[in-house]
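As C-alpha cells, the structure follows; a few thoughts come after it.
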Amino acid sequence: MQARLGASQIRRVRQFAQDPLLVIIAIAVIVFVVIAILLPLAATISLSTSEEGLPLFERYLFDSTYQTIIVNTVVMGVLVATIGTAVGFLFAFVQVKLNVPFKRFMHIVALVPVISPPFAVATATIVLFGRSGIISRGVFGVRYDIYGLDGLTAVLALSFFTVAYLNLRGMMEALDPALDEAATNLGAGKWRTFRTITLPMLAPGIASSFLLLFVESIADLGNPLVLGGNYEVLATRIYITVIGLYNPVGAAVLCIILLMPSLTVYLVQRYWISRANVVSVTGKPAGKPQTINHPVVRWGLFLLVMFICGLIVLIYATIIIGAFTQVPGVNNTFTYDHFDFVINGLGREAMEDTTSLSIIATPIAGVLGMVIAFLVARSKLPGRGALDFATMLGIAVPGTIIGIGYLLVFNNPITATLPVVGEVTLIPKLTGGQGLFGGALAIVMVYVIRSVPAALRSGTAALSQIDPAIEEASISLGADNARTFRRITLPLIRPAFLAGLIYAFARSMTTISAIVFLTTPQTKIMTAQILNEVENGRYGNAFAYCTLLIGIVLIAIGGMYMFVGSRTGAERTIEGGT
C-alpha cells in the first residue's frame, strides 16, 4: 500500500514537473508564503513554547476569566459569520434572482461597509444608538446600552457581509440557467429548485464566506476596542497584553489559543467541500436566468434588503455629516475645520502613503490569490493542501500578532544570522525607520498576506464550479498550464478575481491591527491617524479622515470595475462555445 502511494506521488511530481514555467511560479509562491506568513508565525509559536510561555497555556486555558474570553470569542465569531453570510446571500439573491428596482443602489450600498475603518462604523453607531444616541435617546427616549455582544455582532456583520455578497453574487451569476429550466420541466417548484439545485451549487461559496467572516470577526481589533464594553474577546486581550502589559510572551500564547477555533472552522469547511462535487460552468451556451416572481417572496425580500440599505446609509450619513459638524451629536454647527486639519496637516501625507502602498499591494494580492487557487484546485502540485492551509493563516492570525511576528523575524535576533552583503542583510530590518523604504515594504507584505486568503477562497469556490474538461481541452490542444490559466481559467473566474481585487484594496486601505507596529515617521497610515483621533475623542477629525478614505476607495473600485469588469475577447469566445 505504501509503495503504491509512493509511486502515485512520484507520478504526480513528474506530471507537475513537465511544465517548467508552472514549477517556477509554484516555487516563487511557496517561497513568498514561507517568508511572509510562516516565518513570522513560527517566531510567535517559538516564543509561546519557550520556558516562559509554556506555563501560561495552563493559566489561560483553565482560568475562569480567560475561559469566558475564549467562549466570548467563539460565540461572537459564529454569530457574525452566520448573520453576515446570510445578509450577503440575501443581497446576492435579490440582485441575481429577483426582478426588483434599485439594484444599482443596493449594489453600491453593499460595497460601502468594507471600505471604511471598522472603528468608524462603531463610532457612528454609538452616536446613533448609544446611551445618548441621536435615535435611541433622541427619538425613542431610551438609554440603550449598545456596548457588548449585540452591538458588536451587528456592527461586525454589517462591516464584513460585503465579502460574502461579492463572492456569492459572482457564483450565482455563473450558475447555468439550464439547470433551473430542467428542474422546472420535470415539475419541480421554485422552492424545491432552490433547495435541491441552487443551494447545493452555492455550497462552496457559502462555506468559504462563513470561514472568511468567522476568522475576520474573531481577529478584528477595532470594533471590540470601541464597542466591546465588558464583553472582552481574545483580540482585545492580546492587544492589551502587548500595549498595556508589555508582555509579548503572553500575547503569543493567546494568539496560539485564538488559532484553534479558526483552524477548526477551516478544517470542517474543507472537509465538507471536499465531499461535495458541484460543476455548473461547462463553456456551452446557457439559457436566460430565471427570476422569482412570487409577490410575497419578491417584495418581502426587497423590503428587507432596502431596510438594511437604509441602516447602512444612515450610519455612513452620520460619518459624512459628522465630518462637517463641530462635535457630532452634541454641537452640530457646520464647519470645514476637520477637513482643514486632515488635508493641511498630517492627513495629506498619510493619504498619499496609504494609497500608494495599497495600489502596490492590490494587484499582487489579487493575482497571487488566483494563482494559488489554481495551484490548489487544478494543478498536480504535491502538498497543495499544505499551501492552501499556509495561505489561510495570513487571515486566521490576529493582526496584532502578525505585526509582532514581523518584529521578531525581521528584527533582532533572527536578522543577525542572515547572510550579509556589505553592511546590509539580505532581508532588511523593516521596523523602527531603519528598514527598506522606512517600513513600507513590511506594510505591503502585510497588506498582501491579509488580502490573499479572500482572493484564494473566492477563486477556489469559482473553480469548483468550472468543469475541468475545458482546461483539459486547452492542454490537449498544445497550451501549457500557464497559458491555459491566463486565456481560459482567469476569464471564467473574473468575478472572483474582481472580488479579490476589491477586497484587497479596501482591506489594505482600512486595516490597522496588522500594521500598527510597523508604521514609522517615514510611512504614515490613515487608519493609524483615525484611531489616534478616536482615542482622543476628536470624532469630527476621525469622520473627516473616513470620508476622504471612502472617497478614495470608491474611485479605485470604479476603476477596477472598468478595467477588470469588462468582458474580454477570450471570455466571449468561451461563452459562445467556439
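The values are calculated or read from the model by the stated rules, or taken from the named source; none is laboratory data. The model shown is predicted, which means the values in this text are computed figures rather than measured ones. All Cβ positions, glycine included, derive from the backbone under ideal geometry; neighbour counts span all protein chains shown.
For the stretch 448-466, the criterion of being modelled with pLDDT under 80 and basic (Lys, Arg) is satisfied by at least one residue.
Looking only at residues that are in contact with a helix residue (DSSP H, G or I) (Cβ under 9 Å, 6 or more places away or on another chain) and in a loop (DSSP other than H, G, I, E, B) in the stretch 106-131, which one is surrounded by the fewest Cβ atoms within 10 Å (Cβ to Cβ)?
GLY130
The residues on offer are GLY300, GLY369, and the sole one that is loosely packed, with under 15 Cβ neighbours inside 10 Å, of a type in the set (Gly, Ala, Ser) and assigned to a helix (DSSP H, G or I) is GLY300.
The sole residue among VAL100, VAL75, VAL71 that is over 27 Å from TYR545 (Cβ atoms), surrounded by fewer than 19 Cβ atoms within 10 Å (Cβ to Cβ) and modelled with pLDDT under 90 is VAL100.
Kindly indicate whether ALA174 is among the small types (Gly, Ala, Ser), surrounded by fewer than 17 Cβ atoms within 10 Å (Cβ to Cβ), more than 20 Å from THR400 (Cβ to Cβ) and modelled with pLDDT under 75. Spelling it out, it is not the case that ALA174 is among the small types (Gly, Ala, Ser), surrounded by fewer than 17 Cβ atoms within 10 Å (Cβ to Cβ), more than 20 Å from THR400 (Cβ to Cβ) and modelled with pLDDT under 75.
Please pick out the residue among TYR503, TYR561 that is in a helix (DSSP H, G or I), surrounded by fewer than 18 Cβ atoms within 10 Å (Cβ to Cβ) and under 21 Å from the mean Cα position of the chain (by Cα). Full working, then the answer.
Values: TYR503 fails: surrounded by fewer than 18 Cβ atoms within 10 Å (Cβ to Cβ).
It is TYR561.
Pairs linking a residue in the stretch 333-350 that is without any contact (Cβ under 8 Å) to a residue 60 or more places away in the chain to a residue that is assigned to a loop (DSSP other than H, G, I, E, B) and surrounded by 12 or more Cβ atoms within 10 Å (Cβ to Cβ), with Cβ atoms under 8 Å and 6 or more positions apart or on different chains, are PHE334/PHE324; TYR336/PHE324.
Identify the residue in the stretch 39-62 that is in a helix (DSSP H, G or I) and of a type in the set (S, T, N, Q) and, among all such residues, is nearest to LEU254 (Cα to Cα).
Applying the first criterion (in a helix (DSSP H, G or I)) to the stretch 39-62 yields 39-48, 54-62.
Checking which are of a type in the set (S, T, N, Q) leaves us with 44, 46, 48.
Working: THR44: 10, SER46: 13, SER48: 9 Å.
Among those that are in a helix (DSSP H, G or I) and of a type in the set (S, T, N, Q), it is SER48.
Restricted to the stretch 512-538, and to residues that are surrounded by fewer than 22 Cβ atoms within 10 Å (Cβ to Cβ) and of a type in the set (Gly, Ala, Ser), which residue is nearest to ALA235 (Cα to Cα)? Once the filter is applied, the top-ranked residue is ALA528.
Note on the stretch 366-412: residues that are among the aromatic types (Phe, Trp, Tyr) and touching a helix residue (DSSP H, G or I) at 6+ places or on another chain (Cβ under 6 Å) total 2.
Of all residues in the stretch 533-557, those that are aromatic (Phe, Trp, Tyr) and free of Cβ contacts under 8 Å to residues at least 24 places away in the same chain total 0.
Any residue at all in the stretch 314-334 that's part of a helix (DSSP H, G or I), among the polar types (S, T, N, Q) and surrounded by 12 or more Cβ atoms within 10 Å (Cβ to Cβ)? Yes: the stretch 314-334 contains one or more residues that are part of a helix (DSSP H, G or I), among the polar types (S, T, N, Q) and surrounded by 12 or more Cβ atoms within 10 Å (Cβ to Cβ).
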